[in-house]
Amino acid sequence: MLVNDALVAALVEVERHVGRLGWGQPARLFALVRTADLLAAEPSLAAHLSGAMPDGYSSIEQEDFRPGTDLAEALARITWPPTVAGCVLALERAFLPADAEEQLPSDPDEAARVVAAHPRRLDLRVVVGVTRDEDRHGVARVRGEDGDLLSGADLVPALASALAHTLE
């Protein structure tokens, strides 16, 4: 499958935007619209979007998005109008190496406390996007590593599937 360069560019832009505010942020949701369509609908944005590629995507943050404690349930309630070409979700998660995960308690709340305090914990910012054209991609950054982003079409497949359902 060919990588959709416009989608990847939008994800990188969203990751940089979110990253400017540092770590410890809640999940953030963005609509993707074709930049050419946005400029046609809102010509006053031309100066602001002067460097954007017309055949690319522009992201519009959904500032009222509050997923609460169940992200899957929050995403299941979302539907986008036809003018939205895709959507992006940025979120942070903590991970442990596989050998440390084996020692986690079965209670989810207790496990979350253990992960949060674990000295080998890795914090990861994941930005996943999907389009109505069925393109899917994700980028991720490990906290403390300012270099290259991790990237892949199947980076977080369950999250991509949940986002794709919001476009149906």
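Worth pointing out:
- Every residue from region 121-152 that is of a type outside the set (A, V, I, L, M, F, W, C), assigned to a strand (DSSP E or B) and farther than 24 Å from Ser58 by Cα: Asp123
- Output for region 59-70, where each listed residue is surrounded by 13 or more Cβ atoms within 10 Å (Cβ to Cβ) and at pLDDT below 90: Pro67
- Any hit, region 153-160, residues being at positive phi and either in contact with an Asp or Glu (Cβ under 7 Å, 6 or more places away or on another chain) or at pLDDT below 90 (or both): no
- The residues of region 73-101 that are assigned to a strand (DSSP E or B) and either buried (at least 17 other Cβ atoms within 10 Å of the Cβ) or not aliphatic (A, V, I, L, M) (or both), listed by number, are Gly86, Cys87, Val88, Leu89, Ala90, Leu91, Glu92, Arg93, Phe95.
- Test: residue in region 130-138 that is touching a Cys at 6+ places or on another chain (Cβ under 7 Å) and surrounded by 14 or more Cβ atoms within 10 Å (Cβ to Cβ): yes
The values are calculated or read from the model by the stated rules, or taken from the named source; none is laboratory data. Keep in mind the model is a prediction, meaning the values are calculated, not measured. All Cβ positions, glycine included, derive from the backbone under ideal geometry; neighbour counts span all protein chains shown.
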